[in-house]
Amino acid sequence: MQKTLTARVIAEAAPPKSGERVIADEGIPGYQLKVTAAGRKILSLLYWSPIEKGKRRRLTIGEVGAPVTMPDGKTATLTAHTGRVIAEAARGLIRAKRDPFLERQIAARAQEVAEVERRAKSKAAQPVRAVAEAFLADAQERGLSDKTVAEWRRLLVKHVVPVIGTVPIAEVGKADALAVRRAMPRGRTVLANRVQQVCCSLLNFAEEERGATPNPFAVGVRGKNRWYEEVETREPFTREEVGRLFAALDAEHDVDRGGAVDAIRLLAITGWRKGEVLSLRWDAVDFAMGGALLERTKTGRSLRALSPDALALLQEIPQRGPWVFPSPDDPTEHRQEVK
């Protein structure tokens, strides 16, 4: 259907029951109005690209009544008149061997790149303390345990922010890393290593803002991300010690199953962290599958296999609420300690 796309024609164009209705303009080749079943009225221009031969282009001008950018750069409302002005200007570009669709794409891409660069510069100017808050919020969203996030916050607030909190994240360098290291309490080598690891993760989080700047905290002893060599002070249980432990547990008077004694037994059998055992819920245990799904651990969500001994122990514990090891003071909460 062809008509001159006047204000009256556009206003009287009725929407179809389904699909879309197209009305082509008689005066401007390719200029048309599309009316959707929902009642939207969209003006566009169809043409063959003068640059990419054989390419059929559709330059969407916009929806009638919506704001639109005119050829002179000013903003106006899209009407029958402004639509014809834009269509005529686009036809002029085509006659000049230019492709308005491609030029619009190039301009939009340049605007996107400029916006990304503007945001990167803005973020790069953020001080360490501000980026640290975003870093901790991201860790929370990624499912790290509340205990881990709280410890990271403690280390950053106590040992990092007072030293380099006001330094722009993009400018953190070796001198700042050295300042944090020198500010650590004397002799607290393990603590210093933990602070360094958190700082390294923080700067990795801000990698986009820092660009190609090296991470000054990503250096360590023997290829590890730590400032100091750590000497292992713990010793593994011997078979004899494990036997003595279980003998002592068997001798311990524990009237109700599911108390501290059973918690220690499950700790010894599984090797889980204490918090993981004490906060274990019955709905996380799948006896048929032989495992447990822990929603929040130090490293996030974790599926753990349970040995036959662990399953047998759990089957002997009566279910007295949601927790495998309920608190002796408040059964609605889980046990906090095994002392």
*asked:* Between 0 and 90 degrees, rounded to the nearest ten: what's the tilt of helix 80-95 against the longest Cα principal axis of the chain?
replied: 90 degrees
*Range in the chain, longest, excluding exposed GluC sites (Glu not before Pro) [loop by DSSP; at most 15 other beta-carbon atoms within 10 Å]*: 53-228
*asked:* Can you work out the Karplus-derived ³J(HN,Hα) for every residue in segment 37-44? Use 6.51 cos²θ - 1.76 cosθ + 1.60 with θ = phi - 60°, whole Hz, and x for glycine or proline.
replied: 5, 7, x, 6, 10, 10, 9, 8
*Would you calculate the separation in nanometres between label points at Val113 and Thr238, each defined as 7 Å from the Cα along the Cα-to-beta-carbon direction?*
7.0 nm
*Counting other Cβ atoms within 10 Å, which chymotrypsin sites (Phe, Trp or Tyr not before Pro) in segment 245-314 have at most 12 and lie in a DSSP loop?*
Phe287
*For His334, enumerate residues with amide H under 5 Å from its amide H, sequence gap 5+ or separate chain, H modeled in the peptide plane.*
Ser327
_Positive-pole candidate from Gly290, Val167, Phe135, dipole of the chain, charges at beta carbon_ = Val167
*Once you put a point 7 Å from the Cα of His81 and another 7 Å from the Cα of Leu303, both along the Cβ direction, what distance in nm separates them?*
6.7 nm
_Between Thr166 and Glu63, what's the calculated FRET efficiency when r is the beta-carbon distance and R0 is 41 Å? Round to 0.05._
0.25
_Solvent accessible area, Å² - Tyr47, 1.4 Å probe, full protein context_ = 0 Å²
_With θ taken as phi - 60° and the coefficients 6.51, -1.76 and 1.60, list the Karplus ³J(HN,Hα) couplings across segment 56-73 in order, rounded to whole Hz; mark glycine and proline as x._
8, 10, 10, 9, 6, 7, x, 8, 4, x, 8, x, 8, 8, 7, x, 8, x
*Using only Cα atoms, locate the centre of segment 68-119 and the centre of segment 149-176, then give the distance between them in Å, rounded to an integer.*
46 Å
*So between Thr6 and Ala137, what do we pick up on full extension, going 0.36 nm a residue minus the alpha carbon distance?*
41.7 nm
*If you build a Gaussian network model of the chain, linking Cα atoms that sit under 10 Å apart, which residue out of Gly19, Gly290, Gly258 swings the most?*
Gly19
*Convert each backbone phi in segment 4-20 into a coupling constant with the Karplus relation 6.51 cos²θ - 1.76 cosθ + 1.60 (shift: θ = phi - 60°), then list the ³J(HN,Hα) values in order as whole Hz, x for Gly and Pro.*
7, 7, 8, 4, 5, 4, 5, 5, 8, 5, 8, x, x, 5, 8, x, 8
_Computed lengthening from Glu316 to Lys74, 0.36 nm per intervening residue step minus Cα-Cα distance_ = 79.4 nm
*Considering the chain as a Gaussian network with a 10 Å cut-off on Cα pairs, which listed residue, Val131, Val113, Val242, attains the greatest mean-square fluctuation?*
Val242
*Given Lys3/Lys53; Lys34/Lys55; Lys17/Lys74, the pairs whose alpha carbons are separated by over 27 Å*: Lys3/Lys53; Lys17/Lys74
*asked:* As I understand it, the value is the acute angle between the Cα axis of helix 128-141 and the longest principal axis of the Cα atoms of the chain; what does it come to in degrees, rounded to 10?
replied: 80 degrees
*Placing +1 at every Lys and Arg Cβ and -1 at every Asp and Glu Cβ, with all other atoms neutral, what dipole size does the chain have around its Cα centre, in debye to the nearest 20?*
2040 debye
*FRET efficiency for Arg104 and Ala130, using Cβ-Cβ distance with R0 set to 45 Å, rounded to 0.05*: 0.75
*State the extension gain, in nm to one decimal, for the chain segment bounded by Asp146 and Arg182, taking 0.36 nm per residue of separation less the distance between their alpha-carbons.*
10.1 nm
_Let me check something: with ligands and nucleic acids excluded, how do Val64, Val157, Val167, Val324 order by accessible area (1.4 Å probe), largest to smallest?_
Val157, Val64, Val167, Val324
*Which angle between 0 and 90 degrees, to the nearest 10, do you get for helix 189-205 versus the longest principal axis of the chain when only C-alpha atoms count?*
20 degrees
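The values are calculated or read from the model by the stated rules, or taken from the named source; none is laboratory data. Predicted, not measured: the structure shown is a model, and the values here were computed from it. No Cβ is skipped: glycine too gets one built from the backbone with ideal geometry, and neighbour counts run over all protein chains shown. What goes into the accessible areas is simple: the full protein's heavy atoms, side chains included, and nothing from ligands, DNA or RNA. Shrake-Rupley method; radii C 1.70, N 1.55, O 1.52, S 1.80 Å.
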